[in-house]
Amino acid sequence: MIFRTSRAAAALAVVIMCTTAAGCGIAPTGVRDGGEPAVGFRPSTRLYFVSGARLRAVIRPIPPLTLKETLDLLMDGPSADERKRGLRTNLLPDVHGPLKVSAGRARVLITLPPPRPTPAEVPQLPSTDVPRPELSLGQLTCTAAGAVAARENIDPDAVTVVFREPGISRTESFHCSEFPRG
């Protein structure tokens, strides 16, 4: 115990000598600019686009939008800068829009437009591929779940996104975690 006390006393003595005698090799400096002040939380909107065979989140520094406005922004596709980074969309406004949406605390209902003929430029999966949700549904699911989760202050994977097509009684529901992200 005496050893610890004497070491602490010695360290304190060095600190006192350095501050009073200014002999520790620390040169005085003038006032330095610390940059911009911290701003805290900045509102943003998260959209999901496609990169390779995965979804990638993009955070845009814009004020919170309604769920419909967020999905409309997603339908506009990636910005020029986002496209330069290799992001694309699998959503085609002529095929997937306009969307009708409604939401509760942890559930989103997206009513897709009536089926239309698929444009020739959209690649079709060979019938031998294992069926899995299309990345276009993943884009809608993850973007909608993120928007509702931010509004309700809950985990995005707690949000269920249900898709319904007019004239078809069957619905499909998804969570964002079901889609490959990276």
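Subtracting the Cα-Cα distance of residue 158 and residue 53 from their residue separation scaled by 0.36 nm leaves 35.4 nm.
Model label sites at residue 72 and residue 85, defined 7 Å from Cα along the beta-carbon direction, differ in position by 2.5 nm. Multiplying the residue separation of residue 175 and residue 44 by 0.36 nm and removing their Cα-Cα distance gives an extension gain of 45.0 nm.
FRET efficiency for residue 111 and residue 134, Cβ-Cβ distance as r, R0 = 30 Å, nearest 0.05? Provide the component values of the computation, followed by the final result.
Details: r = 17 Å, r/R0 = 0.57.
E between residue 111 and residue 134, to the nearest 0.05, is 0.95.
Under 18 Å from a label point set 7 Å out along the Cα-to-Cβ vector of residue 92, the amide N atoms of the stretch 46-68 belong to 50. Starting from the stretch 55-100, pick out the trypsin sites (Lys or Arg not before Pro) whose DSSP state is loop and whose Cβ has at most 16 other Cβ atoms within 10 Å. Counting only loop positions with at most 16 other Cβ atoms within 10 Å, the trypsin sites (Lys or Arg not before Pro) in the stretch 55-100 are 85.
Every number in this text was worked out from the coordinates using simple rules, so none of it is lab data. All values reported here derive from a predicted model rather than from experimental measurement. Here Cβ is always computed from backbone atoms with ideal geometry, including for glycine, and neighbour counts include all displayed protein chains.
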